[in-house]
Amino acid sequence: MATKRKPINSGKSKLNFRPTNDPTKAEPKGTTPTTTPTSVKEIVTLMILHICRKSIFFDTNLKICVYLGALFAVSLIADVFPIPKSYLSKSSNVFNQYFVKIAWGWNLLLLIPYVLMTSFVYCCGLKERILKHHLVRLAIATFFWWFWTSLFEFIEVRYGRCTARGEQLRWRQSCLKAGHVWNGFDISGHSFILIYGSLILIEEAKSILSWDSIKEHIRLEDHYRTTKDTNINMNPLRSLSDVQLRVLQINYEKFTPYIRGLFVVMTLFQLLWDIMLISTMLYFHKMIEKFVGGACAILTWYFTYRFWYSQTRILPRLPGDGLFRYIKLKSTASALGRKRSSVICGDVPRFMGMPLYGLRTDNGNLSNVQTDDLNR
């Protein structure tokens, strides 16, 4: 007797996929606008900027340790053992005459337009904020440069002696004019200005960190205000008025090419200051004079950028501190968040640290952990 066969579509379906014609569940559709294609010129520019960032944003704490260690060890070796002469051992070399001796002038020539244009962007053109919060940092740095170099000269003149005796040779100028040597504690102004100038360039250049993200923020915020799309997450530009957003967009497009160019030149000058510092260690001044000059530069940098500008509420502010936050700071909390995300996501494929696809919940939306990872 033949057994009855159950109908194929009877009972509960065992299919493990969702039918495409299910009216109860609709596929989520993206509504954010797509980015414009990147040109070859833009790719080359970004590659150059990436190399410059790797150079100038070398770990500052480690660089300071290298500065102090080299000022002590290399200078001590140069005091004990004769170093072969080279073009850089001559004080008349072109780099010393036209760059090091007027190093602070070169720094200001680069930093004034750079700070002015970058702050004009992230402060949305508010002139009072640009002046009090950012440009004043250069005035403070100039004051400390004048103060320390003047103090170094005063110490040398006040406590120095001429190699020849005579009432008329009690002052350095008359001693040198007579052809004698003035023995004094000549704290190295070159060590000070080269290290202090390098650290100032590094700190002020930090406003370019995550600079390209501003373009994406503007694009998404402009789309949100046009369409009122609720699927777009919170944007750092959300608190700006329509006028401020428009000013930001105009200034960003107008100044970004010049900011990038100045950043590249600043990187080259910072590299030049490091090379000339090595020359100073090898050929000029005594070890203790160079070490004291470098220590004064590092202490001044630490007092201003690591304590005054970041830890107190007294103006000015750090570079990049404007009407919105665009610089992504690395912290322990973010590191723990990434670790937690990696544990939850498991073996999700990634490219340059970003997941290729997100974890989805039952309603088809990205999970909170994955969304935070994408926005980081």
Give the share of C-alpha pairs in each 5 angstrom bin for the stretch 59-307, from 0 to the last occupied bin, in whole percents, shortest bins first. 1, 5, 11, 13, 15, 13, 10, 8, 7, 5, 4, 3, 2, 1, 1, 0, 0, 0
Tally Lys/Arg at +1 and Asp/Glu at -1 over every other residue whose Cβ is under 11 Å from the Cβ of GLU203; what's the total? +2
Set the Förster radius R0 to 41 Å, insert the Cβ-Cβ distance between ASN183 and ASP222 as r into 1/(1 + (r/R0)^6), and round the FRET efficiency to 0.05. 0.05
With label points built 7 Å along Cα→Cβ from the Cα atoms of THR34 and TYR159, find their separation and express it in nm. 7.1
State the percent of C-alpha pairs, over all pairs in the stretch 195-278, separated by a distance greater than 15 angstrom. 66
The stretch 40-84 and the stretch 234-292 have their Cα centres apart by a whole-number Å value of 15
Between LYS254 and VAL94, 0.36 nm times their residue separation minus their Cα-Cα distance comes to what? 54.1 nm
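Where a number appears in this text, it was derived from the coordinates with a stated rule and is not lab data. Source: prediction; values computed, not measured. Positions of Cβ are generated from backbone atoms using ideal geometry, with glycine treated the same way; all protein chains shown enter the neighbour counts.
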